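The numbers here are math on the coordinates, done by the rules we state, and not lab data. Just so we're clear, the structure is a prediction, and the values are computed from it rather than from any experiment. Cβ: placed from backbone, ideal geometry, glycine included. Neighbour counts: every protein chain shown.
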Amino acid sequence: MLTTDANDCVVAATITVKAVLRIAVRYSLAMILSGFAIQLKAAVVLQYHHVSDHTPASTSTSIARFERHLQLIETQGFEVVSLPTLLENFKIAGENQKSRDQFEQKKQLAITFDDGYESVYRNAYPRLKSRNWPFTIFVNTQPLDERWAGFFRWSELREMLANGVTVGNHSSAHDHLLQRLQGENSEMWRARVAADVTLAQQRIEAETDQAQRLLAYPFGEFDRPLRELVESLGFVAFGQHSGALTDVHSWQALPRFPFGGHYGDDADFVTKLNARPLPLAQVNLYDQSGKKTDAVVSEQALPTVELILADKVAALQCFGPSEVKVTQTQDRVLVSLAAPVPEGRSRINCTARHFSGGFMWFSQPLFRLPANGRWLD
Ligand SMILES: [Zn+2]
């Protein structure tokens, strides 16, 4: 149940990156010459699961590839900071233009791992430690408490903490938090999910003396009630939809770039490191009857994403689980799908070119409850 977090995005993102790279080569020089400039804050959060040559491919980054990523972070001129530091700086950058400019020049990023796999302790940690680079691990606490095979131990986590690691909450049981049990009303659902997240937080605080309120949703799944619940518990929360940090997402729906499986060859990785947010004033999601909805869509859903641009963009392209239709009227962009959203997790990604030759990026996650009423691992 813990091995497929990244599966859903393989196809869509592979298409996106290939298309993006083609356009990058074609347009980068022209954009530099034309002096096209949009001031944006830019910071990315990287997400890994296993760093190993022997774990499930879809959620694993090989050791060689991980080492290559660390080299690229260095050669691309990025500074690796802890996730709390990055979030703090990102917040300050929103205050005025000067802070924004300073933040963009810093080129900071944060590295995160989900689940608490042994390979993070054995393979990723020594390599990050030797560079003195901080990172964050979002742990689900039940496997650590029950000493499951394939997960590190609390003592090993404490050893990593002594070397600059931040611990985040990934729930206790790694359930699908969107799942409503039979006969469960909203209030009962809230109480059950709050108890699970709170239990994980209590275990983390008891074992590590850290009390960060950072959460990564299991499977990257969330909707408005879940966002509101974790906000009421005081958490900043991350999904698994891709993109640079942006104010247009709520602080309980922040994006990360997931790596594993097909993701993360040199070109893909460098594109994502240098990604900036699409300049958006607003994002809305509507169902097929035109009613405003959120990240969860219902049966036979044909949602439309409405993007209100905050600035002009060039070469806007969108990709989804099926063919997408993009209509733009001045600053309003409507993105609709040709076929109903598939069951489980998918997303609509939109990119546009940036004057630097890089890409501006936005990702809208879509979650559709399968017909049998059970969310998919
Ligand atoms: Zn997970």
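Full extension of the chain between Lys312 and Asn372 gives 17.3 nm of extra length, using 0.36 nm per residue less the Cα-Cα distance. Couplings 3J(HN,Hα) of segment 82-99, computed from phi: 5, 4, x, 5, 4, 5, 4, 5, 5, 5, 4, 4, x, 6, 7, 4, 4, 4 Hz, in residue order, whole Hz [Karplus 6.51 cos²θ - 1.76 cosθ + 1.60, θ = phi - 60°; x for Gly and Pro]. Only helices enter the 222 nm calculation for the chain: every DSSP H run of n ≥ 4 contributes -39,500 (n - 2.57), and dividing by all residues gives -9500 deg cm²/dmol, rounded to 500. Measuring r between the beta carbons of Lys106 and Gln282 and using R0 = 41 Å, the FRET efficiency lands at 0.90. Shape analysis of segment 7-276 based on the Cα gyration tensor places the equivalent ellipsoid semi-axes at 30, 22, 19 Å, largest first. Modelled label positions at Arg122 and Asp331, each set 7 Å beyond Cα in the direction of Cβ, lie 5.3 nm from each other.
Comparing His54, His249, His69 in a Gaussian network model of the chain (Cα springs below 10 Å), the most mobile by mean-square fluctuation is His54.
Using Cβ point charges alone (K and R +1, D and E -1), the dipole size of segment 240-377 about the Cα centre works out to roughly 160 debye. Of the peptides 237-246, 348-357, 156-165, the ranking by mean beta-carbon count within 10 Å, highest at the top, reads 237-246, 348-357, 156-165. Kirkwood hydrodynamic radius of segment 138-177, from the reciprocal of the average inverse Cα-Cα distance over all distinct pairs: 10.7 Å.
With the convex hull drawn around the C-alpha atoms of segment 153-281, the volume per residue stands at 147 Å³.
Positive-end ranking of Trp154, Tyr48, Val167 along the dipole of segment 7-276, with charges on Cβ about the Cα centre, is headed by Tyr48.
Simple rule: put +1 on each Lys or Arg Cβ and -1 on each Asp or Glu Cβ in the chain, find the dipole, and look at Trp375, Gly290, Gly94; the Cα lying farthest toward the positive end is Gly94.
Over the residues of segment 106-222, compute the C-alpha Rg and express it relative to 2.2 N^0.38 Å. Expressed relative to 2.2 N^0.38 Å, the Cα Rg reads 1.13. Among beta bridges identified by DSSP and lying wholly in the chain, the antiparallel ones come to about 55 percent. About its Cα centre, segment 7-276 has a charge dipole of approximately 820 debye under the convention of +1 per Lys or Arg Cβ and -1 per Asp or Glu Cβ, with nothing else charged.
At q = 0.11, 0.13, 0.18 Å⁻¹, what log₁₀ I(q)/I(0) does a Debye calculation on the Cα points of segment 268-377 give, no solvent, two decimals? Each listed q corresponds, in turn, to -0.37, -0.50, -0.89.
Average 1/r across all pairs of distinct alpha carbons in segment 298-358, invert it, and you get the Kirkwood radius: 12.6 Å.
In this structure, the residue pairs whose Cα-Cα separation is over 32 Å, taken from Lys91/Lys325; Lys98/Lys292; Lys106/Lys325; Lys91/Lys292; Lys106/Lys292, are Lys91/Lys325; Lys98/Lys292; Lys106/Lys325; Lys106/Lys292. The label-point distance for Ala211 and Asp53, in a model that sets each label 7 Å from Cα toward Cβ, rounds to 4.5 nm.
Averaging 1/r over every pair of different alpha carbons in segment 241-310 and inverting the result gives a Kirkwood radius of 14.1 Å.
The gain in end-to-end length when the Glu228 to Thr85 segment is fully stretched comes to 49.1 nm, 0.36 nm per residue minus the alpha carbon separation.
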